[in-house]
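The values are calculated or read from the model by the stated rules, or taken from the named source; none is laboratory data. Keep in mind that this is a model prediction, so the values were computed, not measured. In this analysis, Cβ positions are derived from the backbone assuming ideal geometry, glycine residues included, and neighbour counts consider all displayed protein chains.
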Amino acid sequence: MSGKTLSTGQVENVHKQPRSGVILSITAWVVGLMFVSPVLWMILTSFHSEPDAATNPPSFGAPLTLEGYRSFFESGPWPSLINSVMASVVSTLLVLVLAFPAAYALSIRPVRKWSDVLFFLLSTKFLPIVAGLLPIYLFAKKVGMLDNIWLLIVFYTVMNLPIAIWMLRSFLAEVPSEMLEAAEVDGAGLILTLRKVVAPVVMPGLASAALICFIFSWNELLFARVLTGTVSQTAPVYLTGFVTSQGLFLAKVCAASLVVSLPVLVAGFAAQDKLVQGLSMGAVR
Amino acid sequence: MARYKGINQISGVDRIVVALMIVVPTLLMVWLVWLPAIGSVLLSFTNWNGIGSIGDAKFLGLKNYHDVTTIYPPFWPAVRHNLIWLAVTFLVATPLGMFLAVLLDKEMRGSRIYQTSFYLPVVLSLALVGFIWQLMYSRDQGLINGLTGSTIDWYGDPKYNLWAALVAACWRQTGYIMLLYLAGLKGVDVSLREAAKVDGANERTTFFKIVFPVLAPINIIVLVVSVIESLRAFDLVWVINKGRNGLELIATLVTQNIVGEASRIGFGSALATIMLLISSVFIAIYLRIVMREDQR
């Protein structure tokens with residue numbers, strides 16, 4: 001319960017800014033710095049040469065080099081990176097195509113009572129995916145889809161649909177009904193209304209849902225591991241293999257980790273404020 | 001093309017279009033998520049080994065479940081680890097995350113960078129989080145041993161590895177919880193806070209009487225999220241050592257049994273079903289709250 005008392009202290013400090021506030025700010029900054037230090041250390045190590053990366057005690061001031069990045073890219077990561085881009089981008093597009101109409105249908109009045117459907121869709125998101133893994137594996141094997149990137153694309157689409165529908169629905173709730181009525185008066189059909197009236201208003205929602213779906217699919221490891229082989233392995237699968245085989249070469253492995261996580265970091269920064277909403281669905285994976 | 005008759009009544013064709021918009025994603029879910037899950041439940045009553053034809057599998061009733069709880073040594077440790085995982089992530093990450101959220105809500109100077117630094121681990125995959133901490137924990141090359149001179153193998157020694165993994169898990173979860181509370185704090189009525197100030201309420205009272213009640217439903221969401229996350233804490237443990245030697249979790253046992261060398265499908269499915277049962281209780285609680293919030 002220390003959280004509560006400390007935060008109460010902070011409330012006091014806002015208006016009487018002086019000394020205690022400064023101390024608190026400094027403490028907060030130190031904690032923040034400690035928090036990012038593992039990531040900073042990884043970044044620093046990735047720019048060290050292998051001998052410097054392996055010293056004990058650690059050498060903080062060693063000269064910087066791009067050697068680690070060079071040897072990572074020489075190890076042939078491109079096919080897996082392309083697979084990952086493909087799997088996350090295509091599945092994200094599919095999610096939007098399916099989720100936007102569904103969210104619209106769920107948010108307009110005639111189907112209000114379908115909130116049970118929404119309930120069902122959402123519950124799907126929280127199932128431990130391990131639970132369905134084996135039947136999916138067997139199914140994929142039977143239809144000859146193992147080690148096929150399209151299988152992953154389909155699963156990532158289904159995996160991210162509920163959260164996208166949920167997010168988009170709350171954006172759609174903010175579309176003023178006068179706009180819909182105006183479209184109706186002008187004689188616009190359902191599809192036209194969706195395209196010309198609703199879509200522009202929910203554009204920010206579409207963008208943040210897309211970023212979140214991208215992050216989730218990019219990070220996914222379990223399905224990717226079980227359902228892909230050499231041809232369609234994704235970047236995280238490649239990375240775990242790389243860590244296992246090259247684990248002793250720290251600089252190389254740190255460089256690899258950074259390259260593989262760069263897309264989600266960029267997407268994460270772009271979605272930072274909107275992510276709160278997606279996260280409250282409890283679904284970062 | 002049928003005309004759109006406003007949001008109260010829509011024409012026959014549009015009604016079908018609207019229905020399809022919902023039915024298609026729902027069917028996809030049923031087919032690719034629920035059917036496999038039900039498949040696991042059914043397999044859990046058989047002795048199928050995954051190699052022969054599924055028709056040869058014998059129906060065993062509850063035998064797999066009996067075996068799991070009585071003669072499978074890693075099961076109870078895994079349950080215990082899952083419970084420890086839940087307790088620690090909840091009790092450590094929750095107060096920390098709440099504290100940080102309140103701090104950020106006050107918009108302290110530079111709070112943007114500050115928020116980003118806590119938010120950073122949230123977007124990273126759990127597998128990567130496991131590896132980042134490997135850099136800290138490694139016995140011979142790790143930063144911790146390098147700075148302190150200790151020779152503990154943090155990830156390898158079963159005395160410490162669960163706790164080491166938990167530090168990494170909390171590291172990520174704190175930012176996550178912070179974001180949840182931050183979203184909740186946005187809902188605190190500013191005028192109410194002002195009024196309390198005018199009435200001369202001290203800050204402590206203001207927090208407990210005005211801010212905390214708004215956060216109350218979030219507390220439950222955070223608890224449920226912690227439960228669900230602890231049941232799914234798979235990737236992190238898997239990259240450390242595939243969930244062995246002190247790091248057994250229910251999810252890793254499932255994976256070891258169905259895709260591992262052993263290939264005891266019925267048995268692994270029983271474990272998966274147990275996981276499903278536990279999580280569905282919490283999923284139901286969580287959704288009740290989320291839906292109720294949504295309807296306000």
Across the stretch B:192-224, the tally of residues that are outside any helix (DSSP H, G or I) and in contact (Cβ under 8 Å) with a residue 40 or more places away in the chain stands at 0
Given the criteria surrounded by fewer than 19 Cβ atoms within 10 Å (Cβ to Cβ), within 12 Å of chain A (Cβ to nearest Cβ) and of a type in the set (Gly, Ala, Ser), does B:ALA101 qualify?
no
Conditions: (1) facing chain A (nearest Cβ under 8 Å); (2) part of a helix (DSSP H, G or I); (3) closer than 30 Å to A:PRO57 by Cα; (4) without any contact (Cβ under 8 Å) to a residue 40 or more places away in the chain. B:GLN141 meets all but one. Number of the miss?
(2)
Could you tell me whether the stretch B:25-42 includes any residue that is hydroxyl-bearing (Ser, Thr, Tyr) and more than 7 Å from chain A (Cβ to nearest Cβ)?
no
All but one of (1) within 14 Å of chain A (Cβ to nearest Cβ); (2) at pLDDT below 90 hold for B:ASN47; state the number of the condition that does not hold.
(1)
With under 24 Å from A:ILE26 (Cβ atoms) and among the β-branched types (Val, Ile, Thr) as the only criterion, which of B:VAL79, B:VAL102 stands out?
B:VAL102
Members of the stretch A:43-69 found to be in contact with a Cys (Cβ under 8 Å, 6 or more places away or on another chain) and under 22 Å from B:GLY149 (Cβ atoms), listed by number
A:THR45, A:ALA53
Among the residues of the stretch B:172-184, is there at least one that is within 7 Å of chain A (Cβ to nearest Cβ) and without any contact (Cβ under 8 Å) to a residue 60 or more places away in the chain?
yes
Can you tell me how many residues in the stretch A:47-65 are within 10 Å of chain B (Cβ to nearest Cβ) and in a helix (DSSP H, G or I)?
1
Among B:THR151, B:THR116, the single one that is polar (S, T, N, Q) and under 30 Å from B:PHE207 (Cα atoms) is B:THR116
Of B:VAL237, B:VAL227, the only residue that is within 11 Å of chain A (Cβ to nearest Cβ), surrounded by 21 or more Cβ atoms within 10 Å (Cβ to Cβ) and either among the aliphatic types (A, V, I, L, M) or not in a helix (DSSP H, G or I) (or both) is B:VAL227
Selection from the stretch A:66-92 of residues outside any helix (DSSP H, G or I) and over 24 Å from the mean Cα position of the chain (by Cα) yields A:LEU66, A:SER75, A:GLY76
Among A:ALA235, A:ALA251, A:ALA209, the single one that is farther than 14 Å from A:LEU81 by Cα, under 20 Å from the mean Cα position of the chain (by Cα) and touching a residue at least 40 places away in the same chain (Cβ under 8 Å) is A:ALA209
Test result for A:ALA182, more than 8 Å from chain B (Cβ to nearest Cβ) and more than 30 Å from A:ARG225 (Cα to Cα):
yes
Mind telling me which of the residues A:ASP147, A:ASP116 ends up being of a type in the set (Asp, Glu), outside any helix (DSSP H, G or I) and more than 8 Å from chain B (Cβ to nearest Cβ)?
A:ASP147
Just one listed residue, out of A:SER80, A:SER107, A:SER123, A:SER37, is among the polar types (S, T, N, Q), at pLDDT 85 or above and surrounded by 15 or more Cβ atoms within 10 Å (Cβ to Cβ), and it is A:SER80
